[in-house]
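The values are calculated or read from the model by the stated rules, or taken from the named source; none is laboratory data. None of the values given here were measured: they were computed from a predicted structure. Positions of Cβ are backbone-derived with ideal geometry, glycine not excepted, and every protein chain shown enters the neighbour counts.
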Amino acid sequence: MEMAARTSTPFFWFGYLCVVLFVSADQKNIPAKSGQDVTLTCRAPNNNKPIIIAEWSRADLDTEYVLLYRGEQFVPDNQHPSFKNRVDLQDRQMKDGDVSLILKNVTTADSGMYKCRAFLSQTRSWESINNIYLSVDPPGE
Ligand SMILES: *[C@@H]1O[C@H](CO)[C@@H](O)[C@H](O)[C@H]1NC(C)=O
């Protein structure tokens, strides 16, 4: 009874909404369904530092990366085979520090922690930008 009364107050729902908005704006956890194309957002914080190299990796892959973009082209050498021909940058110019990743036709095997980092010309160093957890549901659920 008391719980029911509490959850029906506008204040409860306002608080709940704030939490939901905060979490979704943060974009740390991306749910997806098998077969979808997903975009993992990543933007270098300070856009006056030109990006030389952008790298996406996944926490559980040792040395192979998801995507490496250097000198205006993709570097296929050490890309994990499961990502061949399935990944792209949202903006290959990386304008305003945008290095968001497009991952096409996801499967449950794509679930995991994706890490985005960039090599910045100004500081001449790698900068970790963000980590995003992608969780892919099997089809038909
Ligand atoms: C998506 O991947 C599945 C296998 O996981 C494949 O059967 C299907 O043809 C792919 N679809 C597209 C549009 O590439």
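Listed residues I129, I52; which is at pLDDT below 95, part of a strand (DSSP E or B) and in contact with a helix residue (DSSP H, G or I) (Cβ under 9 Å, 6 or more places away or on another chain)?
Values: I52 fails: in contact with a helix residue (DSSP H, G or I) (Cβ under 9 Å, 6 or more places away or on another chain).
Matching residue, one of I129, I52: I129.
In the range 86-120, which residue that is within 14 Å of R58 (Cα to Cα) and charged (D, E, K, R) is farthest from the ligand (Cβ to nearest atom)?
R117
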